[in-house]
């Protein structure tokens, strides 16, 4: 059935009421130069069989990760997803439910959200989690807005340059009305402690740190957390790779007040970069300023377990000027998928997976650093990605590797002008020992 909300008679009646002769007259205010005047260049119609053949031809032009040895990372990490995860998440009960406007009849949806929140809180060692955000970048931006609401007259945000560049761009877009973002430089890939401390003032609402940072380096932020709290500000931790928390000390244990992250690694396909899952957690005392939805567990009058929307601070539920979030039709299905993945993996499985990732990256770092013409510029502990510096432009080296079927990493010159010879390399459980050895062998032929 076609969706035609108005008949021709109804359209004529509405036009007569507003004094217009036809629909085209409604667009009179748009300059002719800005209109699409020429006829659209569309091909003739084709049969379904021909359309399938054409779409398959276009699809074959894509280069999928299964066709190459991929060492790409930088915020989107390739992990194995058990078949049961997508099978369960694809059930109609999970796929079809929308935002629970009537929570009392959406018990299944709410329970799935509650389970997700519980698992995320345990993983991040935080008190409360919402369910959920669009992406790690939007979660970080909302965390900054939350900190400014809590800080009232405090507006400044300290932002180290080793936080993901694309996350930083999103934050700059959200806070474009002022110049409150203070960029803190890096020293040997880590936050410059002296300059960070010097930037702390009584106008700082929050400081943001990434763990591990964009270069894959695992930093100890306990000292920074103490300095931030002493200055009366909040500490926001950003975790684009939550698998790392299987073996690393979680943000809640080293002083983060708000911890956000990207849940793409938790059972979701990379799929050209989306859909993604924004993770948002905080201390319990800050819960009233948290954006998004929080599901709670209770009992009814007969003692039966029930799930409710404990907090829902979006603009459709309360007065618009009091809303703390514009997160509306967020991908709750992604949160459900993450809950299924975490349930299947379990505590020990998460620890084992994190250890495998760390070991694969360590082996790759050892092999690549042994290549003549390649050095490791940052001597620091890393998780599943690290930086190599070559004796030539990274863009050219990566192009040659790609021609040989190897996606060698991310050209850091895209984000940092002084790092045009540097490549961010990632290795996960999906990279075999043979792939890593071949990468090192091919790289030795290029940079010698």
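Here is how the numbers come out for the structure above:
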| item | result |
| --- | --- |
| Residues being farther than 18 Å from residue 210 by Cβ and either in contact with a helix residue (DSSP H, G or I) (Cβ under 7 Å, 6 or more places away or on another chain) or not in a helix (DSSP H, G or I) (or both) - total across segment 146-182 | 12 |
| Among (1) without any contact (Cβ under 8 Å) to a residue 24 or more places away in the chain; (2) part of a helix (DSSP H, G or I) - the single one residue 63 does not satisfy | (2) |
| Filter pass, residue 396 being over 25 Å from the mean Cα position of the chain (by Cα) and not in a helix (DSSP H, G or I) | no |
| Among (1) more than 25 Å from the chain's Cα centre (by Cα); (2) surrounded by fewer than 16 Cβ atoms within 10 Å (Cβ to Cβ) - the single one residue 169 does not satisfy | (1) |
| Test result for residue 46, within 30 Å of residue 272 (Cα to Cα), outside the structural domain of residue 272 (by TED's automatic domain parsing) and surrounded by 10 or more Cβ atoms within 10 Å (Cβ to Cβ) | yes |
| Single unsatisfied condition, residue 265 versus (1) buried (at least 24 other Cβ atoms within 10 Å of the Cβ); (2) out of contact with any helix residue (DSSP H, G or I) (no Cβ under 8 Å at 6 or more places or on another chain) | (2) |
| From 158, 183, residue being buried (at least 24 other Cβ atoms within 10 Å of the Cβ) and either assigned by TED's automatic domain parsing to the domain that holds residue 251 or under 26 Å from residue 424 (Cβ atoms) (or both) | 158 |
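Rundown of residues vs (1) assigned to a loop (DSSP other than H, G, I, E, B); (2) closer than 30 Å to residue 349 by Cα; (3) at pLDDT below 90, yes/no style:
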position: 33; (1), (2), (3): no, no, yes
position: 42; (1), (2), (3): yes, no, yes
position: 52; (1), (2), (3): no, no, no
position: 56; (1), (2), (3): no, no, no
position: 72; (1), (2), (3): yes, yes, no
position: 78; (1), (2), (3): yes, yes, no
position: 93; (1), (2), (3): no, yes, yes
position: 99; (1), (2), (3): yes, no, yes
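Listed here are the residues, each with its yes/no results for (1) modelled with pLDDT of 95 or more; (2) in contact with a helix residue (DSSP H, G or I) (Cβ under 9 Å, 6 or more places away or on another chain); (3) within 27 Å of residue 186 (Cβ to Cβ); (4) buried (at least 20 other Cβ atoms within 10 Å of the Cβ).
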| position | (1), (2), (3), (4) |
| --- | --- |
| 368 | yes, yes, yes, yes |
| 391 | no, yes, yes, no |
| 397 | yes, yes, yes, yes |
| 400 | yes, yes, no, no |
| 408 | yes, yes, yes, yes |
| 425 | yes, yes, yes, yes |
| 433 | yes, yes, no, no |
| 448 | no, no, no, no |
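The values are calculated or read from the model by the stated rules, or taken from the named source; none is laboratory data. Worth saying up front: this structure is predicted, and the values here are computed from it rather than measured. We place every Cβ from the backbone using ideal geometry, glycine too, and count neighbours over all the protein chains shown.
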